[in-house]
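Participant: Would you mind keeping the following structure in view while I ask a few things?
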Amino acid sequence: MRRRDLGELLLLAAIWGASFLFTRLGASEFGAIALSWLRVAGASLVLLPLLRWRGETAALRAHWRPIFILGITNSALPFVLFSYALLSITASLSSIFNSASPLFGALIAWLWLKDRLSASRIAGLAIGFAGVLGLAGDEARLSSQADATSGLLAVLACLLASLSYGGSVNFTKRYLSGVPSMAVAAGSQLAAALVLLAPALWLWPAAMPGAAAWANVAALAVLCTGLAYVLYFRLIAHTGPANAIAVTYLIPAFAVLWGGLFLGERPTAAMLGGCAVILIGTALATGLLRPRLRLAG
């Protein structure tokens, strides 16, 4: 990976780490569904002109059905779920649960696409999911009786969103291999915007959100979704998907940093330990970490 590619990888991790911050700040005023619709609608306004400029609109028309499904599973559903979760838990914690997405992806690839798992990858799945369950249990233990239910639902929402991301990766591999990346990115955001339009109008906040909330929406839509997709697919083109997916391991670090700087969040030892266990398990399960065992004799 060239120095420029590494810089872009760090920039993308910083941007996607900040998305948890902006979501937490915006969800309290817009609500989960309205905020998510504004995010994907704004991203569509960024990506669709780029799609037309690159001359790839025909690819979107040819593959609109799987792209539409991907828009639901990779954007509409997880964005709403994380927005809901961030009404109750910290940006740092939600980003750590998000880092389990490749674990779900590896598990679904094994179950659905019959992807072969080595002993180390199976061990990685076990380690990673043990970290997820341990972190969820710690969150439930620390929650007071009054907010235990909302905290549990928030954790479940994060895990369901991560499951949706993991499934979307395999769906893309199965049905959208070879389709131009910009057509997938722009089309999926447009599909998510269409799906969320009616619920967003129905649940639109009674009181008009303030200027700061709208600024958070703009950052989510333009920076954390629209431009981030452009950067992500640029990385895939230059370094390959195996290197680009490394951004998953860096996002929690930036989310914890932004949460501490701007929201005063302080990660607990259990959160940091759980994050480390999840990332180690993920690295093993995805094949990024391949230990070599020497047999005696």
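The values are calculated or read from the model by the stated rules, or taken from the named source; none is laboratory data. Quick caveat: nothing in here was measured; it's all calculated off a predicted structure. Cβ: placed from backbone, ideal geometry, glycine included. Neighbour counts: every protein chain shown.
Participant: In this structure, does Val169 turn out to be closer than 30 Å to Gly55 by Cβ, of a type in the set (Val, Ile, Thr) and at pLDDT below 90?
Facilitator: Values: closer than 30 Å to Gly55 by Cβ: yes; of a type in the set (Val, Ile, Thr): yes; at pLDDT below 90: yes.
Against the criterion (closer than 30 Å to Gly55 by Cβ, of a type in the set (Val, Ile, Thr) and at pLDDT below 90), Val169 qualifies.
Participant: Please go through region 146-176 and pick out each residue that is crowded, with 19+ Cβ neighbours inside 10 Å and not in a helix (DSSP H, G or I).
Facilitator: Leu176
Participant: Which residue, of Ser94, Ser19, is out of contact with any Pro (no Cβ under 9 Å at 6 or more places or on another chain), farther than 14 Å from Thr225 by Cα and surrounded by 24 or more Cβ atoms within 10 Å (Cβ to Cβ)?
Facilitator: Working: Ser19 fails: farther than 14 Å from Thr225 by Cα.
So the residue among Ser94, Ser19 that is out of contact with any Pro (no Cβ under 9 Å at 6 or more places or on another chain), farther than 14 Å from Thr225 by Cα and surrounded by 24 or more Cβ atoms within 10 Å (Cβ to Cβ) is Ser94.
Participant: Yes or no: region 228-240 includes at least one residue that is modelled with pLDDT of 90 or more and within 17 Å of the chain's Cα centre (by Cα). Talk me through it step by step, then tell me what you get.
Facilitator: So the first thing to find is which residues in region 228-240 are modelled with pLDDT of 90 or more, and the list is 228.
Subset that is within 17 Å of the chain's Cα centre (by Cα): 228.
Scanning region 228-240 turns up at least one residue that is modelled with pLDDT of 90 or more and within 17 Å of the chain's Cα centre (by Cα).
Participant: Could you check region 1-20 and list, in sequence order, the residues that are part of a helix (DSSP H, G or I) and charged (D, E, K, R)? Step through it out loud before you land on a result.
Facilitator: Filtering region 1-20 down to residues part of a helix (DSSP H, G or I) leaves 3-20.
If the condition is that a residue be part of a helix (DSSP H, G or I) and charged (D, E, K, R), then Arg3, Arg4, Asp5, Glu8 are the ones that fit.
Participant: Moving on to the next point. Go through the residues of region 80-99 one by one and say whether even a single one is modelled with pLDDT of 85 or more and either under 30 Å from Arg52 (Cα atoms) or basic (Lys, Arg) (or both).
Facilitator: Scanning region 80-99 turns up at least one residue that is modelled with pLDDT of 85 or more and either under 30 Å from Arg52 (Cα atoms) or basic (Lys, Arg) (or both).
Participant: How many of the residues in region 245-272 are assigned to a helix (DSSP H, G or I), touching a residue at least 40 places away in the same chain (Cβ under 8 Å) and of a type outside the set (Val, Ile, Thr)?
Facilitator: So the first thing to find is which residues in region 245-272 are assigned to a helix (DSSP H, G or I), and the list is 247-263, 269-272.
Next cut, touching a residue at least 40 places away in the same chain (Cβ under 8 Å) only: 247-260, 262-263, 270-271.
In the following step, the residues that additionally are of a type outside the set (Val, Ile, Thr) were identified as 249-250, 252-255, 257-260, 262-263, 270-271.
Counting residues in region 245-272 that are assigned to a helix (DSSP H, G or I), touching a residue at least 40 places away in the same chain (Cβ under 8 Å) and of a type outside the set (Val, Ile, Thr) gives 14.
Participant: Another question, if that's okay. Considering only region 73-89, I want to know if a residue exists there that is in contact (Cβ under 8 Å) with a residue 60 or more places away in the chain, farther than 30 Å from Trp204 by Cα and over 17 Å from the mean Cα position of the chain (by Cα).
Facilitator: In the first step, residues of region 73-89 are kept if they are in contact (Cβ under 8 Å) with a residue 60 or more places away in the chain; the result is 73-89.
Remaining after also requiring farther than 30 Å from Trp204 by Cα: none.
So far as region 73-89 goes, no, none of its residues is in contact (Cβ under 8 Å) with a residue 60 or more places away in the chain, farther than 30 Å from Trp204 by Cα and over 17 Å from the mean Cα position of the chain (by Cα).
Participant: List the pairs whose first member sits in region 39-58 and is farther than 23 Å from Leu197 by Cα, whose second member is not in a helix (DSSP H, G or I), and whose Cβ atoms are under 7 Å apart, counting only residues at least 6 apart or on separate chains?
Facilitator: Once the first residue is farther than 23 Å from Leu197 by Cα and sits in region 39-58, its partners that are not in a helix (DSSP H, G or I) give Glu56/Pro180.
Participant: Picking from Pro102, Pro78, which residue would you name as being part of a helix (DSSP H, G or I), of a type outside the set (Val, Ile, Thr), under 30 Å from Ala130 (Cα atoms) and in contact with a Phe, Trp or Tyr (Cβ under 8 Å, 6 or more places away or on another chain)? Walk me through how you get there before you give the answer.
Facilitator: On the way: Pro102 fails: in contact with a Phe, Trp or Tyr (Cβ under 8 Å, 6 or more places away or on another chain).
Of the residues listed, the single one that is part of a helix (DSSP H, G or I), of a type outside the set (Val, Ile, Thr), under 30 Å from Ala130 (Cα atoms) and in contact with a Phe, Trp or Tyr (Cβ under 8 Å, 6 or more places away or on another chain) is Pro78.
Participant: For region 46-56: of the residues being surrounded by fewer than 16 Cβ atoms within 10 Å (Cβ to Cβ) and in a helix (DSSP H, G or I), which is nearest to the chain's Cα centre (by Cα)? Write out each step before concluding.
Facilitator: Of region 46-56, the ones surrounded by fewer than 16 Cβ atoms within 10 Å (Cβ to Cβ) are 49, 52-55.
Subsequent filtering for residues that are in a helix (DSSP H, G or I) retains 49, 52-53.
Values: Pro49: 24, Arg52: 26, Trp53: 27 Å.
Ranking the candidates gives Pro49 first.
Participant: Which residues, taken from region 197-238, are touching an Asp or Glu at 6+ places or on another chain (Cβ under 8 Å) and assigned to a helix (DSSP H, G or I)?
Facilitator: Listed by number, the residues that qualify are Ala213, Leu231, Arg234, Leu235, His238.
Participant: Answer yes if at least one residue in region 26-40 is buried (at least 20 other Cβ atoms within 10 Å of the Cβ), at pLDDT below 95 and in a helix (DSSP H, G or I), and no otherwise.
Facilitator: Within region 26-40, one or more residues are buried (at least 20 other Cβ atoms within 10 Å of the Cβ), at pLDDT below 95 and in a helix (DSSP H, G or I).
Participant: For region 212-226, how many residues are loosely packed, with under 13 Cβ neighbours inside 10 Å and farther than 11 Å from Glu29 by Cβ?
Facilitator: Restricting attention to region 212-226, the residues satisfying the condition of being loosely packed, with under 13 Cβ neighbours inside 10 Å are 212.
Filter again for farther than 11 Å from Glu29 by Cβ, leaving none.
Number satisfying all stated conditions: 0.
Participant: Looking at Ala14, Ala43, which one is in contact with a helix residue (DSSP H, G or I) (Cβ under 8 Å, 6 or more places away or on another chain) and surrounded by fewer than 23 Cβ atoms within 10 Å (Cβ to Cβ)? Spell out the reasoning first.
Facilitator: Values: Ala43 fails: surrounded by fewer than 23 Cβ atoms within 10 Å (Cβ to Cβ).
The match here is Ala14.
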